[in-house]
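The values are calculated or read from the model by the stated rules, or taken from the named source; none is laboratory data. Just so it is clear, the model here is predicted, and its values are computed rather than measured. A quick note on method: Cβ atoms are made from the backbone with ideal geometry, for glycine too, and the neighbour counts reach across all protein chains shown.
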């Protein structure tokens, strides 16, 4: 069950994959109970004491932990002592590469319900999330404080390594003004401005999304170099930038919407400006695609009726929106950074 995103090699692995839906729920229970946070990183604790701290009957907690220990997440010995492994440490809130926000997101009732509508979404192009929850994903977030908090925690901290890698990969020149289109609460722009002290930045997203960003930028010591603008990228995008960044934005949308985003971005750009896109880039040959990337493609379908794209699919979008073809600037494990120029 631990390797359900690898190729299935035998019937036992197929059965494990069929039951794979339970693993996020098990991890979600461990996170909700704070199991990893209650254990010292280098110590151990009797199950009975951990159960007492967690408010769970010891007999039930033992059953949860022995399953996780069988997967290599926590250790549990014959003396009923629980300890950490390199994987269970990542279930701590204070871990450098914590997966807590990812666990919480994937166990949200709204997300689970959306995946339950996958078949209907495949049949008629409806958006599974909207069918299950009665609203577009981002509209749902505005009306669900819990889901909104979980999602933005995932975007802000759950992809910390991704933002740092993107900041290293993106080609920014001294003195340039970066416009981060659909930049959320600004984690990527913050990383870019910290890396390039001579650069200026504009963070652009919906007003309710960027509302708290100014305080974050001030706390990082870059508030004087970062302008916060609220708006809708389907209507217009701030002008006067040298570099426009669309980081993990286009995959949220179908082709028609993606072209609109590209067109409004192009309308704001001077002929000398550059567009940098940070996304997964699928191979045209599906045999060369990583299973995780293809899972994310399905996740985009479920949440938004969006999609991950190949290079040729990106070029089709760009050609219809006033841009030339992609030029690859950097490849990293989680994404490809590409550049396009206005034509």
Leading residue by the ranking (nearest to residue 153 (Cα to Cα)) among those in the range 185-208 that are assigned to a helix (DSSP H, G or I) and over 20 Å from the mean Cα position of the chain (by Cα):
207
When you scan the range 268-283, do you find a residue that is outside the structural domain of residue 115 (by TED's automatic domain parsing), at pLDDT 95 or above and assigned to a helix (DSSP H, G or I), even just one?
yes
Just to be sure, is residue 259 at negative phi, in a helix (DSSP H, G or I), touching a residue at least 60 places away in the same chain (Cβ under 8 Å) and surrounded by 15 or more Cβ atoms within 10 Å (Cβ to Cβ)?
yes
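For the range 128-145, what are the residues that are on the phi < 0 side of the Ramachandran plot, more than 19 Å from the chain's Cα centre (by Cα) and outside any helix (DSSP H, G or I)? Write out each step before concluding.
Let us first name the residues in the range 128-145 that are on the phi < 0 side of the Ramachandran plot, namely 128-133, 135-145.
Restricting the remaining residues to those that are more than 19 Å from the chain's Cα centre (by Cα) gives 130-133, 135, 143.
Listed by number, the list holds a single entry, 135.
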Kindly check whether there is at least one residue in the range 39-50 that is surrounded by 15 or more Cβ atoms within 10 Å (Cβ to Cβ), under 26 Å from residue 153 (Cα atoms) and not assigned by TED's automatic domain parsing to the domain that holds residue 151.
yes
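Within the range 168-184, which residues are part of a loop (DSSP other than H, G, I, E, B) and farther than 11 Å from residue 226 by Cβ? Full working, then the answer.
Of the range 168-184, the ones part of a loop (DSSP other than H, G, I, E, B) are 170-176, 182-184.
Listed by number, the residues that qualify are 170, 171, 172, 173, 174, 175, 176, 182, 184.
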Residue 41 fails exactly one of the following numbered conditions: (1) assigned to a loop (DSSP other than H, G, I, E, B); (2) modelled with pLDDT of 95 or more; (3) farther than 30 Å from residue 298 by Cβ. What is the number of that condition?
(2)
With modelled with pLDDT under 90 and either over 20 Å from residue 332 (Cα atoms) or buried (at least 17 other Cβ atoms within 10 Å of the Cβ) (or both) as the only criterion, which of 131, 190, 162 stands out?
162
